[in-house]
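Undergrad: Once you've had a glance at the structure underneath, I'll fire off some questions.
The values are calculated or read from the model by the stated rules, or taken from the named source; none is laboratory data. The structure presented is a predicted model; accordingly, all values stated were derived computationally and were not measured. With ideal geometry, Cβ positions are generated from the backbone for all residues, glycine too; neighbour counts draw on all protein chains shown. Ligands, DNA and RNA are excluded from the accessible area calculation, which covers all protein heavy atoms including side chains. Shrake-Rupley method; radii C 1.70, N 1.55, O 1.52, S 1.80 Å.
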Amino acid sequence: MNGPSSNATILVVDDQPANLQILAEILQNQYDVRIAINGEKALQIAQQNNKPDLILLDVKMPGLDGYQVLAELRRDEKTCHIPVIFVTAQHDVDNETRALAAGAVDFISKPINPQVVCARVNTHLTLRQREIAFQQLNAELENRIKERTRQVETLNTALQERATQAETANAAKSLFLGNMSHELRTPLMAVIGFTDLLQRQIDEPAVLHKLSRIRKAAGNLSSTINQILDFTQIESGNTAQVTIDFNLAAMLHKINDTIEELAVAKTLAYAYDVDSAIPANLT
């Protein structure tokens, strides 16, 4: 910010008309100057809607003096932020210290030096405008943070809802697979049982071959159903890890039987080979 706005309003308070005139002449070319002849009038002007941006306040006045006026300004939420510069003939250290302690931002001594007045007014108007700009920026940042926080909370809520839906869907899937597997087992066991029975009662080779194919397919389907049941148990956390030996070659041979039949049915070239170096049993 290069400097205070020329539209800034300065309230000059002094019980001496000559002092009012001098200060008004110094400032009126650059600022909108208002005057008050006493403390009571100064408070009335300060509390209007169009508040002054800075106040030059005489210390010694009849009625309310400068310290009392400043105390009233600081008690009012609407005027407590207006910078006040004391203007007085009492320019000793004690009075200056008292003025600053009371809440004044600066201290100008009489007789008035126009260059000093302009410099002090310019400095404190610039500081005030920068303070306002900082407050506006801070408010904007707080609003953005609140908006981002709201968006994150909304996203988290949506993610939690989706996670809950996913858990519900997964539980429903596991329940469905488990029930379906159990329902499929009953008719499948009948197919396997009657196939085994027919294989013991029939001697015709062609029929036995077909029954063998049926029995093998039913066995594969039963194995798949068992795997589905195992999968649902694993997902539900109802399984315990165990270590057992298994015959890899036998397992591969069983898989090969199924795949080979599918390949032959589609007239595909197919080869199967198990390295003899593989141990019979693995853990």
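Undergrad: So which residues in region 261-271 are part of a helix (DSSP H, G or I) and either polar (S, T, N, Q) or loosely packed, with under 10 Cβ neighbours inside 10 Å (or both)?
TA: Answer for region 261-271, where residues must be part of a helix (DSSP H, G or I) and either polar (S, T, N, Q) or loosely packed, with under 10 Cβ neighbours inside 10 Å (or both): just ALA265.
Undergrad: Quick check on my filter: what residues within region 77-122 are within 20 Å of ASN29 (Cα to Cα), open to solvent by 30 Å² or more (accessible area, probe 1.4 Å) and touching a residue at least 12 places away in the same chain (Cβ under 8 Å)?
TA: Passing the criteria: ILE112, PRO114, CYS118, ARG120, ASN122.
Undergrad: Given the condition part of a helix (DSSP H, G or I), more than 30 Å from LYS173 (Cβ to Cβ) and either of a type in the set (Val, Ile, Thr) or open to solvent by 90 Å² or more (accessible area, probe 1.4 Å) (or both), answer yes or no: does some residue in region 227-241 qualify?
TA: no
Undergrad: Could I ask something else about it? Return the pair list, or none, for Cβ contacts closer than 6 Å from residues in region 14-42 that are among the basic types (Lys, Arg) to residues that are surrounded by 19 or more Cβ atoms within 10 Å (Cβ to Cβ) and at pLDDT 95 or above, at least 6 apart or on different chains.
TA: ARG34/LEU11
For (1) open to solvent by 80 Å² or more (accessible area, probe 1.4 Å); (2) within 26 Å of LEU177 (Cα to Cα); (3) out of contact with any Ser or Thr (no Cβ under 6 Å at 6 or more places or on another chain), each residue gets a yes or a no:
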| position | (1), (2), (3) |
| --- | --- |
| LEU211 | no, no, no |
| LEU221 | yes, yes, yes |
| LEU252 | no, no, yes |
| ILE259 | no, yes, yes |
| ASP273 | yes, no, yes |
| ILE278 | no, no, yes |
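Undergrad: Go through region 13-42 and count every residue that is over 19 Å from HIS124 (Cβ atoms) and in contact with a Ser or Thr (Cβ under 8 Å, 6 or more places away or on another chain).
TA: Result for region 13-42: 0.
Undergrad: Check ARG215 against each of (1) loosely packed, with under 14 Cβ neighbours inside 10 Å; (2) assigned to a helix (DSSP H, G or I) and name the one condition it does not meet.
TA: If we test ARG215 against (1) loosely packed, with under 14 Cβ neighbours inside 10 Å; (2) assigned to a helix (DSSP H, G or I), just (1) comes out false.
Undergrad: Also, I was wondering about something else. What do you reckon, is ASN138 open to solvent by 20 Å² or more (accessible area, probe 1.4 Å), under 42 Å from the mean Cα position of the chain (by Cα), on the phi < 0 side of the Ramachandran plot and modelled with pLDDT under 95?
TA: When the stated conditions are applied, ASN138 passes them.
Undergrad: When region 52-75 is examined, which residues are found to be under 19 Å from ILE10 (Cβ atoms) and open to solvent by less than 50 Å² (accessible area, probe 1.4 Å)?
TA: Of everything in region 52-75, those that are under 19 Å from ILE10 (Cβ atoms) and open to solvent by less than 50 Å² (accessible area, probe 1.4 Å) turn out to be PRO52, LEU54, ILE55, LEU56, LEU57, ASP58, VAL59, MET61, GLY66, VAL69, LEU70, LEU73.
Undergrad: Can you find, within region 156-187, the residue that is farthest from the chain's Cα centre (by Cα) among those that are at pLDDT 85 or above and open to solvent by less than 100 Å² (accessible area, probe 1.4 Å)?
TA: THR168
Undergrad: Answer yes or no as to whether ILE132 is in contact with a strand residue (DSSP E or B) (Cβ under 6 Å, 6 or more places away or on another chain), closer than 23 Å to ASN7 by Cα and of a type in the set (A, V, I, L, M, F, W, C).
TA: no
Undergrad: Scan region 193-206 residue by residue and report those that are open to solvent by 50 Å² or more (accessible area, probe 1.4 Å) and out of contact with any helix residue (DSSP H, G or I) (no Cβ under 8 Å at 6 or more places or on another chain).
TA: PHE194, LEU197, ARG200, GLN201, ASP203, GLU204, PRO205, ALA206
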